[in-house]
Structures are given as structure tokens and as C-alpha cells.
Amino acid sequence: MAKRVHQPREDAEFDFILRMSGVPVLAYFIGTWPKAVEPCRAMDLVVGGIADEYAGRLTVVRTDITRCPAATRRYGITGAPSCVLLEHGEAVAHGAGPLTTADIHELLDGRL
């Protein structure tokens with residue numbers, strides 16, 4: 001996992017990261033139940049690379065659905081893994097399922 005990836009322990013910390021970020025936020029939501037673990041681990045590698053590639057232009061937040069239920073509901077997350085690109089706390093793009101680097105580039109394209 002890239003050091004540039006934030007991992008909030010609760011909704012208040014998630015919200016704090018959003019408020020303090022001066023750049024768009026890529027929040028990717030992970031699950032810890034058995035069927036979600038492997039796809040979410042695969043996303044860790046992809047999103048870690050994105051965090052490094054977009055350092056300074058994007059804040060990346062790895063969000064555990066069980067630890068941040070309010071954020072999960074707020075952004076309409078219904079499964080894991082899922083990604084949401086946020087600008088000023090507002091969702092501007094979504095991606096669901098195990099995404100590739102190319103998928104995330106497409107999600108970010110023209111927005112950064």
C-alpha cells in the first residue's frame with residue numbers, strides 16, 4: 001500500500017480528510033467480508049499506484065465500509081470495491097467492482 005493512501009478509522013476522520021484536502025479526493029471503498037477481500041486487495045495495488053502517480057493532484061482514501069458507514073451511505077456505495085471521485089465533498093464520478101489502472105485513469109480523465 002502506498003504511503004500516500006489515507007486510511008480513516010471512522011466517519012469523523014474520513015470527513016476531516018475531505019475538509020483538509022486541497023485537491024480532489026478518490027475514495028475507494030473496501031469490504032472485509034470473505035467475498036470482498038480478494039477484489040479489494042487487488043484494488044489496493046492499483047490504487048496505490050494511482051496515489052503515487054497523481055501525488056499532489058489527488059488525495060486517495062481507502063475507506064472500510066464497516067468503519068465509515070455514514071460515508072458509505074452518503075455516496076451510495078452498495079458493494080466493494082467501489083470508487084468515488086469527490087470534488088469539494090461532492091461525487092463527480094463513480095466506479096464499481098475491481099477496477100484496473102486504465103479504468104481509474106478514465107474516471108479521472110479531464111477532471112485533474
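The table that follows gives values for the structure above.
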| quantity | calculated |
| --- | --- |
| For the chain, share of DSSP beta bridges that run antiparallel, in % to the nearest 5 | 60 percent |
| Neighbour cut-off at most 14 other Cβ (10 Å), DSSP loop, trypsin sites (Lys or Arg not before Pro), segment 1-74 | Lys3, Arg9, Arg57 |
| Highest-MSF residue in the chain out of Ala96, Ala51, Ala27 [GNM, Cα springs under 10 Å] | Ala96 |
| Karplus-derived HN-Hα couplings along segment 24-30 (A = 6.51, B = -1.76, C = 1.60, θ = phi - 60°), whole Hz, x at Gly and Pro | x, 10, 9, 9, 10, 9, 10 |
| For the chain, built as a Gaussian network whose Cα springs stay under 10 Å, the top-fluctuating residue of Pro69, Pro34, Pro81 | Pro34 |
| Heavy-atom accessible surface of the chain: percent carbon and sulfur, 1.4 Å | 51 percent |
| Per residue solvent-accessible surface (Å²) - the chain, probe of 1.4 Å | 54 Å² |
| Spacing of the two label points (7 Å from each Cα toward its C-beta) at Thr32 and Asp52, in nm | 2.7 nm |
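The values are calculated or read from the model by the stated rules, or taken from the named source; none is laboratory data. Keep in mind that this is a model prediction, so the values were computed, not measured. Here Cβ is always computed from backbone atoms with ideal geometry, including for glycine, and neighbour counts include all displayed protein chains. These area figures cover heavy atoms from the full protein model, side chains too; ligands, DNA and RNA do not enter into them. Shrake-Rupley method; radii C 1.70, N 1.55, O 1.52, S 1.80 Å.
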